[in-house]
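Below is one structure, written out as structure tokens; the observations come after it.
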Amino acid sequence: MPPHDTAHDGADRHHRHGHGPDAHAPSLAGATLHRPRRTLRVGVGGPVGSGKTTLVGSLCALLRDRLSMVVVTNDIFTSEDADALRAAAVLASDRIVAVETGCCPHTAIRDDIAANLDAVERLEALHRDGRGVDVTLVESGGDNLTAIFSRGLVDVQIFVLDTAGGDDVPRKGGPGVAMADLLVVNKVDLAPHVGADVDRMLSDARSRRGDGPVLATSLVDRSGAQAVADWVTEQVAARVGSLPVDG
Ligand SMILES: Nc1nc2c(ncn2[C@@H]2O[C@H](COP(=O)(O)OP(=O)(O)O)[C@@H](O)[C@H]2O)c(=O)[nH]1
Ligand SMILES: [Mg+2]
């Protein structure tokens, strides 16, 4: 019997017209859906333009030689982010699927996760040969500071802010800043140009988050995501380490 994740049994799995994976999605005929237990599902959320797609692309480039990865992107009406990641060839194109949410981004990652869960499970099933998928990245459509992922969709989540969005944002708090497993303050290279005080952003964020990790990044080149890639690698190791030996 393949391992089965009962945490998802209550999810509404109906497939709604226009809300499913995009036209470029690989053929899934014959794929049996189940959750490989070792796969770590990572949500990447945050406001529009903060650098989520750039971070996802950089993580794929930094980790793809060591880890088997797949990506699900969310846009409201298009598959723009998935197209950009495919064009950048960060992974083979059959490892990237877009979900057109057709609704507010937070709805699709928090309240009605069916379309996203469907896309995640199908991608993982398609690539389960060999050791299976190690990491599934789910990029949210850009949203406000309250938008966090349901734990039914992802195991851990990263919230991405950027200096150009205003250095008062960490102080404003909200679930994304306070509760994400990792907070990334991106575009530190732009801080001097937009009058943002990065040290203040980091200390405000830390006071909101207690011991929760905060990383400052500049993603103008891929190596800028190395600290985030190291964090993801630690999460993968922790997940695999917590599984039973025969898991
Ligand atoms: N200067 C600078 N630009 C960045 C950085 N990260 C992302 N960008 C740019 O910011 C824009 C929005 O990034 P994107 O990843 O699409 O944001 P998303 O909407 O959160 O997915 C793009 O033009 C990126 O090239 C960064 O660290 N520094
Ligand atoms: Mg994006």
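The values are calculated or read from the model by the stated rules, or taken from the named source; none is laboratory data. Keep in mind that what you see is a predicted model, and the values were worked out from it rather than measured. Note that each Cβ is placed from the backbone with ideal geometry, even for glycine, and that neighbours are counted across all protein chains shown. The accessibility values were calculated without ligands, DNA or RNA, using every heavy atom of the protein model including side chains. Shrake-Rupley method; radii C 1.70, N 1.55, O 1.52, S 1.80 Å.
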Checked the stretch 172-219 for anything within 15 Å of ligand 1 (Cβ to nearest atom) and charged (D, E, K, R); matches are Lys187, Asp189
Residues of the stretch 58-80 being surrounded by fewer than 24 Cβ atoms within 10 Å (Cβ to Cβ) and part of a helix (DSSP H, G or I), in sequence order, are Ser58, Ala61, Leu62, Leu63, Glu80
Considering residues that are small (Gly, Ala, Ser) and not in a loop (DSSP other than H, G, I, E, B), the number found within the stretch 110-164 is 5
Of those in the stretch 133-165 that are open to solvent by less than 10 Å² (accessible area, probe 1.4 Å) and among the hydroxyl-bearing types (Ser, Thr, Tyr), the residue nearest to Arg66 (Cα to Cα) is Thr136
